[in-house]
Structures are given as C-alpha cells and as structure tokens.
Amino acid sequence: MTEPLTSENTASAAGLDIRSLPKVSLHDHLDGGLRPATIIELAAAVGHDLPSTDPVALGQWFRDSADSGSLVRYLETFDHTIAVMQTRDGLIRVAREFVEDLAEDGVVYGEVRWAPEQHLRGGLSLDEAVEAVQEGLEQGVEAAEQQGRLIQVGQLITAMRHADRAMEIAELAVRHRDRGVVGFDIAGAEDGFPPSRFKDAFTYLAEQQFPATVHAGEAAGVESIVDALVHGRALRLGHGVRIAEDIEVDFEDEELTAQEQNADVGMVTLGRVAAWVRDRGIALEICPSSNLQTGAVSGFGESIYEHPIDLLFQTGFQVTVNTDNRLMSGVSLTDEFELLVETFDYDLDDILELTMNAVNAAFLPLEEREVLAAYITEGFTAARG
Ligand SMILES: [Zn+2]
C-alpha cells in the first residue's frame, strides 16, 4: 500500500490552446450554468426580482456570492437561477444555451445534472420537465452542429437529499433512460442526509442496472464516501475529493512548502477506503475552483497549490476535471484545465489522461466510449502538430 509519489510531468503546457482540445464534462449543474443575460430576460418574463439587471453586474454578483465564504449566500444564487427555470420555454432555452456554451468551450461529451423536483412551481410535471430539458439539449446539439461543432450530451437526474423523493426521482430517471437520461445523482446537504436514507432508491436503480453517481466527500469526509459506495452503490463520486483525507504522505524534508512538495518525491500510504476507490477505478469528479470556494478542501489549505487533485492524480486515482457551477465560479472547463497547467505544470499528456479518465467513467455503453476515445485521441494528435 506504500509507494513512491513521483512527479514526471514537468513539461509545461503553457501556451497550449486548451479550448480547442476535445474535452469531457461529467459534473456540471444545469442550474449553475446559465448566461446572466438569459437570467435577466427570463426573470423579466416571469416577474422575478434579481440583484441586478445588468448582465455584467449580475455575473459579478454570482461570482462574489460564491466567493463570499457564506453558504447561505452561495445557496441564494440558486434561488435566482431556479426561479427562471419553471416553465417549459425557460427550461428549453437554458438547456439549449448550456450545450452551446459547452460546445464553444470544446466539450465534445457532457453529462448535465439537475433536479427536476425543483422545477415544478410553474405547473410542469416531473416527466414534462425532463422532456423540456431534453428538447433544449437536442436543440443545443443541433445549433452547435450548425456551427461546425460536434457534441453529445446526456442528462443526470438528481434527487435532492433533503426532499425525501429519491424513489420517485429514481423511477423518473429510469423511465427516461432511452430518451436522453444516462444516470442518477443525489445532491444537496451531505451532513445529516447520507445515501443510506435512500437505500431503497439505490437498490431499485441497481436492480434496473441504472448507474448512479453520488455527491460525497465534499462537505463531509471519508465516512460519506463509504456511505455513497455501500448504500449509494456509486459508480462515480461527485467530488469525492476528501478521499485524500485517507491518504498519508510523508516527505523526507518537512520544511517544504506546498508548492515544492508537488515536485518532490514523497511516500504515499493509502487507507483502506482510499485503496478501494483507487484500485477499483471509481472515478472522482473533481471541480478545483468550486472545491476552493465551498471549503471542501480547506483541510489541506486555502490555495490551489494545496488542492489534493495532483496527489490523487499522481497516485493513480481515476481523476476527472469538472466545473460544477460555471456561472457561480465564473469558470469554463478550459479555465479549470488552465488552472491545473499553471499550478501543477501539466502537459498535453496529462490533459489527455484526465480526459480519457472521464471518457472511461462516462455513463455510456462501451461502444460509444470507444468512438469518443478515438475522436478525442485524434483531436489531441492534431494539436501536437
Ligand atoms: Zn455538484
């Protein structure tokens, strides 16, 4: 269980055009990725008050709220996005633009997660809400194609942990499995709402051979990951970043700064849970900027240099890179990769490996993953010139 931590990736990818590389996005919330101008237009149509009606100022308000360190302010941001996503037309537009923005950023496969139960206030049924989002996603794929960009998307249907509707939502997801829905997720407050509360829903999904990813190891620690694996039967972990709390790293020189440690050779010892997650190849959907903002990785330090993503990647975990909430964090997937390139000196090979991890973890049939992998390899080969 003990092995050397090496950092072979010293060649910098600085100067790489990451936006043009084909990328995969697995953890991206629909209600966290709206365009500010769209929120303003939709809010005017339904009579919802916003903190600002200027797109630039509103975008800044979302970023400031996410950065405020206050969970209350962070959660308030979703009140505004969800408020304008209560009608069929609102959902279609938001979903369409979501896909167009991903395609523009070079994403070629994306899984879009959202919680239909939060979009019923305008009178839509759960099924109608899922159909509206699917319509918008398909329009987005078509619009991107007309601009010469290929993208494939799938829905992840989320149940909110505090709401106790998980079984109903699991059945909804399975009902739409051949119409765009590729997986199930639970989100919301981790503390007090472990997956074991919803084990009937997860058992039902397992019986239906329907895949689940579970938000865990973000707000809560290693025990939340165990619960997600045992009771949630999670095939992937939403964030899962706190699995690093089950890893010990010993550096010979204890005086090293976090930045120096990344380039140093240390001895890594995995606890039993961390070993299980790594050895079984359970993918971690890591969202670097979001993790810093929500304090998920504050146990390791406050800066990106101390984020355990590099430790997890170098140790052989199935690390994938994601955005979580593009509007609130003010980031794109390209930005997140650029951050990693600047911080950890990742090169093109690293970006390809992280992207292939996401391909392998995608809730797609093997044949489709093989096609996707070939397409991505071709794109990276072209980028090497
Ligand atoms: Zn999330």
*Scanning for something open to solvent by less than 50 Å² (accessible area, probe 1.4 Å) and aliphatic (A, V, I, L, M), does the range 287-295 turn up at least one residue?*
no
*Pair list, Cβ < 8 Å and 6+ apart or interchain, from the range 201-229 residues that are more than 28 Å from R175 (Cα to Cα) and touching a residue at least 12 places away in the same chain (Cβ under 8 Å) to residues that are acidic (D, E) and away from the ligand (no atom under 16 Å from the Cβ)*: G221/E245; V222/E245; V222/D246
*If you go through the range 195-222 one residue at a time, how many are over 19 Å from the mean Cα position of the chain (by Cα) and surrounded by 22 or more Cβ atoms within 10 Å (Cβ to Cβ)?*
4
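For every residue, the table says whether it meets (1) touching a Pro at 6+ places or on another chain (Cβ under 8 Å); (2) at positive phi.
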residue	(1), (2)
G301	no, yes
I304	yes, no
V319	no, no
N322	no, no
N325	no, no
S329	no, no
Y346	no, no
D350	no, no
*Output the number of residues of the range 120-136 satisfying the condition of being part of a helix (DSSP H, G or I) and not polar (S, T, N, Q).*
10
*Kindly list the number of the only condition in (1) within 16 Å of the ligand (Cβ to nearest atom); (2) more than 23 Å from D28 (Cβ to Cβ); (3) touching a residue at least 40 places away in the same chain (Cβ under 8 Å) that fails for L237.*
(2)
*What single numbered condition from (1) within 16 Å of the ligand (Cβ to nearest atom); (2) of a type outside the set (S, T, N, Q); (3) at negative phi fails to hold for V222?*
(1)
*Report those helices (runs of 4 or more DSSP H) wholly inside the range 20-101 carrying at least 2 residues which are within 16 Å of the ligand (Cβ to nearest atom) and under 27 Å from E131 (Cα atoms).*
71-83
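A quick yes/no check of all residues on (1) among the charged types (D, E, K, R); (2) open to solvent by 20 Å² or more (accessible area, probe 1.4 Å):
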position	(1), (2)
Y305	no, yes
N322	no, no
M328	no, no
E342	yes, yes
M356	no, yes
E368	yes, yes
Y375	no, yes
*Before we move on, is V268 of a type in the set (A, V, I, L, M) and in a helix (DSSP H, G or I)?*
no
*Among (1) among the aromatic types (F, W, Y); (2) farther than 30 Å from V174 by Cα; (3) over 16 Å from the mean Cα position of the chain (by Cα), where does Y375 come up short?*
(2)
*Might you check whether a residue that is within 22 Å of F202 (Cα to Cα), assigned to a helix (DSSP H, G or I), at pLDDT 95 or above and touching a helix residue (DSSP H, G or I) at 6+ places or on another chain (Cβ under 6 Å) occurs anywhere in the range 275-290?*
yes
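The values are calculated or read from the model by the stated rules, or taken from the named source; none is laboratory data. The structure displayed is predicted, hence computed values, not measured ones. No Cβ is skipped: glycine too gets one built from the backbone with ideal geometry, and neighbour counts run over all protein chains shown. Each accessible area value is taken on the protein alone, full model and side chains, heavy atoms only, with ligands, DNA and RNA left out. Shrake-Rupley method; radii C 1.70, N 1.55, O 1.52, S 1.80 Å.
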